[in-house]
Amino acid sequence: MLPEHAPFTTDQRKTLDFLIASLDPVQRGWLSGYLAAGAVPIAAVAAPVAAGKLTVLYGTESGNSESLADRSVKEAKKRGFQAVMKNMADISTADLAKFTNVLVIVSTWGDGEPPETAIPFYKELISSRSALKDLRFSVCALGDTSYEKFCQTGKDIDVHLETLGAERVFARQDCDVDYEEGYVSWLAGSLIALAPAAAAAIHPVAYTAPASSGVEYGKKNPFPSEALDTLVLNGEGSAKETVHLELALASSGLSYEPGDSLAVVPVNTPDIIKALLQAAKLKGTEEIEVKNVGRKLLADALREDFDITALSRAVLTKLAEAADSATLRELLGEDAKERLKDYNDGREIVDAITDFAPNGLTAEALTGIFRKLPPRLYSIASSPLAHPDEVHLTVAAVRYETNGRSRKGVCSTYLADLVKSGDHVAVFVQPNKNFRLPADGSTPVIMVGPGTGVAPFRAFVEHRAALGSSGKNWLFFGDQHYTYDFLYQLEWQEHLKNGTLTRLDVAFSRDQPEKVYVQDRMISQAKELYAWLEEGAHFYVCGDANRMAHDVHEALISIVENQAAISREAAEAYVEALKKSKRYQRDVY
Ligand SMILES: Cc1cc2nc3c(=O)[nH]c(=O)nc-3n(C[C@H](O)[C@H](O)[C@H](O)COP(=O)(O)OP(=O)(O)OC[C@H]3O[C@@H](n4cnc5c(N)ncnc54)[C@H](O)[C@@H]3O)c2cc1C
Ligand SMILES: NC(=O)c1ccc[n+]([C@@H]2O[C@H](COP(=O)([O-])OP(=O)(O)OC[C@H]3O[C@@H](n4cnc5c(N)ncnc54)[C@H](OP(=O)(O)O)[C@@H]3O)[C@@H](O)[C@H]2O)c1
Ligand SMILES: Cc1cc2nc3c(=O)[nH]c(=O)nc-3n(C[C@H](O)[C@H](O)[C@H](O)COP(=O)(O)O)c2cc1C
């Protein structure tokens, strides 16, 4: 039997217990040792067994699923699989029929949608009726419990593969932002389920940190980067607060390309911690145990280790138990989904503790409801050629008021309010292969980046200038007011003067009675924009995903429809083809 504390879901536990029963005693010995170790990374194997063909199919937006797919292929090869990795962007549902064993790793974006590049595959799969009787699969779904449609894409793909007759060999693993432990146990379980003989080849070897002489910085070990400079980009009188932050990367070993993001590991600010301690009726001087960290003062753990703000069903479920609240249990009921959604809207954990734990909580009960504090991504706003050993960010401070409380975004206000020159910020690079300048420097580019969406285009233009690329560059920028919010205005003017920037079209939404947005500027320049596309231009969009990216997409389709004088369907196909050929790329959030 599987050790009780091994980190598997009930379904996975059942599958594994069944598989373990079918192994010989030696295999069983190895396996139970490995599984008991739980999150211990799979390490070297003695002799690979022939375990068959395996396709690791991933769908990603910010690269997590891709890096897990890469790790899965390497581990599978060690256990004797002939493993390859495939991007959902590059295959069709018909290809699935050619595979026998598939591990799917896919994230969810937007409001429960697939990653941008996986959308055609996803749509095709959901509407497919072709039987997949010979396919065996398991799904690892990446997501974030603070979103209502947690891991929706992985859930949909899991259900549809089964509907088409494929055999689920290991139960789906839904992972929150801190996915390491769930992923490792899912991979181990799935590989064993696909080829039980491969279990014999698993040796539980403890993870060893890299030698201290060559410290490796990255996601598991963020680099403490020194803040070199911070500057508020908006003028006095602006309703916005956008901070330009310059960080040092010297001796970090970290490198990036324009289009990549920087992940920042924030700390919670003192006022958020104070409000929470008050609500929970605690002092902060209590000592607690933090998993994988050790014993700490509660106040320090609230600052450094836990997500103490984002309210979700997962948090409320744990709070209902910790506070033994019947009212909250009722709100979590199947028939109260709409009421729960209304409650969560505009509220944070501090509100829920006030409402459902009026007598307070013990320090252990309080920290038991939290997940790990997740890093936040910021589009890199600098070219490494223009700023060697540095990385620059453009951060909009999130501040708003709901339910009678003023709120602050954790990471953006940590960077805007707390970080001063000389301080250190924990960071790592999150590569984004789906947002890249054209390989050929003579290709024209069109960039649409209102607000903080302009960040990667500062990097693009600097990079092309540094490379001496001959391609034309056209930027559409928008924000509220010309006087206060023209981010990097002097730099754009300089680029225009020296010819690096060929065209700049701006839309200041609140400088006149009618709103004017970047897509309005695109439409008024439709003829030229279409001519650039016909010349082979690449089209980029960055910034708000909720409204802007959708409206810009619609504007692009209508420009093609009118300028090419073709039907709406043909224009949609033209834009789809741009996407498919990687000439239309988006970095939206
Ligand atoms: C690939 C990528 C690139 C990004 N690039 C940038 C960038 O270049 N610059 C940048 O500034 N950001 C960027 N972001 C967004 C950034 O990662 C953070 O999401 C943002 O800074 C907010 O984080 P926070 O910790 O400050 O806020 P959080 O503590 O995470 O709070 C944000 C949450 O607050 C709530 N909220 C916010 N405003 C309101 C409101 N008005 N009313 C009610 N609720 C509200 C929402 O629930 C929202 O999800 C990027 C995101 C991604 C994924
Ligand atoms: N997903 C998110 O939660 C998310 C995404 C992006 C930004 N934000 C938040 O918004 C704040 C500022 O963000 P930001 O500086 O990047 O700028 P922004 O809010 O995206 O605004 C930039 C410009 O875009 C305009 N705009 C609004 N709706 C648009 C649409 N449908 N199409 C085209 N343009 C549109 C805005 O006009 P008006 O303001 O006049 O309407 C403004 O002129 C921050 O607090 C940030 O956190 C949140
Ligand atoms: C703008 C945005 C929207 C997201 N929407 C969802 C969502 O609806 N449901 C969910 O479970 N996770 C959501 N996520 C979380 C991602 O799925 C998660 O960060 C995942 O690790 C990303 O993996 P990837 O890098 O492979 O794309 C969202 C993340 C961002 C930044």
Mind giving me the FRET efficiency for Ser567 and Lys281? R0 is 56 Å, r the Cβ-Cβ distance, nearest 0.05 is fine. 0.30
The FRET efficiency for Ala386 and Glu180, from their Cβ-Cβ distance with R0 = 35 Å and rounded to 0.05, is 0.50
Under a no-solvent Debye model with one identical scatterer per Cα of the range 432-558, what's log10 I(q)/I(0) at q = 0.12, 0.13, 0.19 Å⁻¹? -0.42, -0.49, -1.10
Roughly how many Å is it from the Cα centre of the range 523-543 to that of the range 325-344, as a whole number? 47
When the chain is fully extended, how far beyond the present Cα-Cα distance does Lys133 get from Ser442, taking 0.36 nm per residue of separation? 106.4 nm
quick note, the chain, DSSP beta bridge pairs, % antiparallel (nearest 5) is 45
Pairs Lys86/Lys123; Lys240/Lys515; Lys220/Lys318: which are spaced more than 19 Å apart, C-alpha to C-alpha? Lys220/Lys318
For the chain, what's the relative contact order in percent, using C-alpha pairs closer than 8 Å and at least 6 residues apart? 12
Calculate, for the chain, the solvent-accessible area per residue in square angstrom, rolling a 1.4 angstrom probe over the heavy atoms of the protein chains. 44
What is the distance in Å between the Cα centroid of the range 439-507 and that of the range 407-433? 24
Area projected by the alpha carbon convex hull of the chain, averaged over all directions, nm²: 29.3
For Lys133, list the aspartates and glutamates whose Cα falls under 16 Å from its own Cα; do not include residues on the same chain fewer than 8 positions away. Asp95, Asp158, Glu162, Glu167
Below 8 Å, C-alpha to C-alpha, sequence gap of six or more: please give me the relative contact order for the range 301-388 in percent. 43
Give the carbon-plus-sulfur fraction of the accessible surface of the chain in %, rounded to a whole number; probe 1.4 Å, heavy atoms of protein chains only. 52
Please work out the Cα center distance from the range 117-184 to the range 245-316, rounded to the nearest Å. 30
Put +1 on the Cβ of each Lys and Arg and -1 on the Cβ of each Asp and Glu in the range 353-503; which of Gly360, Ser469, Ser383 then has its Cα farthest toward the positive end of the dipole? Ser469
Extension reserve of the Ala97-Ala326 stretch, reckoned as 0.36 nm per residue once the Cα distance is removed: 77.5 nm
With unit charges on the beta carbon (Lys/Arg positive, Asp/Glu negative), name the residue among Gly499, Ala166, Leu276 whose Cα is farthest towards the positive pole of the charge dipole of the chain. Ala166
At R0 = 22 Å the Cβ-Cβ FRET efficiency linking Val293 and Lys219, nearest 0.05, sits at 0.85
Reported to two decimal places, what Rg/Rh ratio describes the range 132-176 when computed on Cα atoms with Rh from the Kirkwood expression? 1.04
Summed side-chain charge close to Pro438 - residues other than Pro438 whose Cβ falls under 11 Å, Lys, Arg +1, Asp, Glu -1: +3
Just to be sure I understand the model, the point goes 7 Å from the Cα along the line to the Cβ. What's the resulting Thr317 to Leu418 distance in nm? 2.9
The answer for Ser225, listing residues at least 5 apart or on another chain whose modeled amide H is closer than 5 Å to its amide H, is Val425, Ala426, Val427
Using helices alone, what [θ] at 222 nm do you get for the chain, with -39,500 (n - 2.57) per DSSP H run of 4 or more residues, divided over all residues and rounded to the nearest 500? -10500 deg cm²/dmol
For the modelled label position 7 Å from the Cα of Glu167 along Cα-to-Cβ, which residues of the range 97-130 have backbone nitrogen atoms closer than 15 Å? 99-103
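The values are calculated or read from the model by the stated rules, or taken from the named source; none is laboratory data. In this text the structure is predicted, and so the values were computed from the model without any measurement. As a convention, Cβ positions derive from the backbone with ideal geometry for all residues, glycine included, and neighbour counts pool all protein chains shown. Side chains are part of the model used for accessible areas, which takes the heavy atoms of the whole protein and leaves out ligands, DNA and RNA. Shrake-Rupley method; radii C 1.70, N 1.55, O 1.52, S 1.80 Å.
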